[in-house]
Amino acid sequence: MDIQIKLDEQRLREVQLMLREIPRGMATVMSRGINKTAVSVRAEVVRKIAAEVNLSQKRIREALTISQANWTKWAATINISRKRIGLINFGARQTARGVSYKIDKAHGRKAIEHAFIATAKGAENVWVRETDADGTLVPRLPIVRLQGPSIGEVFKRAAWLVQQTYASAETQLNKNIETQIELMLDKFRKAKAA
């Protein structure tokens, strides 16, 4: 799931009209305004996901990357990773019967019997041995690394968050574009007067 931030066509024409006398003014205003919006929207999404899911904001932010706008491309995209996150990151703890973890902050801890925490290839993870058809543990069967959801899944499942993010992005984008227009026109007037 990705979030795209760009100005609608009508608003784009209005901005173009205001900045028609300034060389490269439109490109500068658009790229700066869109990029500032993308950064603040990402921060907002990180905070809101962290309020729902038992992950640190740092871990969530790592899953959200920004493809920035530039002078020729007036759109920024916040790419939300679909790579699943290891269960160890969701507060996994070894218990006598297996491993307990907590994904959603609104719900209690869950447990997986016979799971264990071990370090492999320099990273600590939660593992469980595969079982045969009747659910019996068989020592010769392989072990599997357990994972929680991806940040993309969490974002997509929270429909209210998706709607809120797009509404917020639109509001912030218009505000940031206005600020950039004012700065650009002010700079242009000062240069003209000098």
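Taking the stretch 18-56 as the range and being more than 30 Å from G86 (Cβ to Cβ) and in contact with a strand residue (DSSP E or B) (Cβ under 7 Å, 6 or more places away or on another chain) as the test, the residues that pass are I34, N35, T37.
Looking at I34, I22, I80, I60, just one residue is in the same structural domain as K187 (by TED's automatic domain parsing), in contact (Cβ under 8 Å) with a residue 24 or more places away in the chain and under 30 Å from H114 (Cα atoms), and that residue is I60. Of the listed requirements (1) in contact with a strand residue (DSSP E or B) (Cβ under 6 Å, 6 or more places away or on another chain); (2) closer than 30 Å to D8 by Cβ; (3) in a helix (DSSP H, G or I), I66 misses just one: (3).
The residues of the stretch 146-161 that are surrounded by fewer than 19 Cβ atoms within 10 Å (Cβ to Cβ), modelled with pLDDT of 90 or more and part of a helix (DSSP H, G or I), listed by number, are G152, E153. For I103, are the conditions met, namely being under 30 Å from V41 (Cα atoms), among the aliphatic types (A, V, I, L, M), in contact with a Ser or Thr (Cβ under 9 Å, 6 or more places away or on another chain) and modelled with pLDDT of 90 or more? No; evaluated as a whole, the condition is false for this residue.
Evaluate the following for S67: is it over 26 Å from K102 (Cα atoms), without any contact (Cβ under 8 Å) to a residue 24 or more places away in the chain and small (G, A, S)? Answer is yes for this residue. For the structure I just gave you, tell me whether G91 is surrounded by fewer than 16 Cβ atoms within 10 Å (Cβ to Cβ), more than 17 Å from I143 (Cα to Cα) and touching a Phe, Trp or Tyr at 6+ places or on another chain (Cβ under 7 Å). So G91 passes the test. Can you pull out every residue in the stretch 162-181 that is in contact (Cβ under 8 Å) with a residue 24 or more places away in the chain, surrounded by fewer than 18 Cβ atoms within 10 Å (Cβ to Cβ), out of contact with any strand residue (DSSP E or B) (no Cβ under 9 Å at 6 or more places or on another chain) and not small (G, A, S)? If the condition is that a residue be in contact (Cβ under 8 Å) with a residue 24 or more places away in the chain, surrounded by fewer than 18 Cβ atoms within 10 Å (Cβ to Cβ), out of contact with any strand residue (DSSP E or B) (no Cβ under 9 Å at 6 or more places or on another chain) and not small (G, A, S), then Q164, N174, T179 are the ones that fit.
The values are calculated or read from the model by the stated rules, or taken from the named source; none is laboratory data. Just so you know, these numbers come straight off a predicted model, no measurement behind them. Here Cβ is always computed from backbone atoms with ideal geometry, including for glycine, and neighbour counts include all displayed protein chains.
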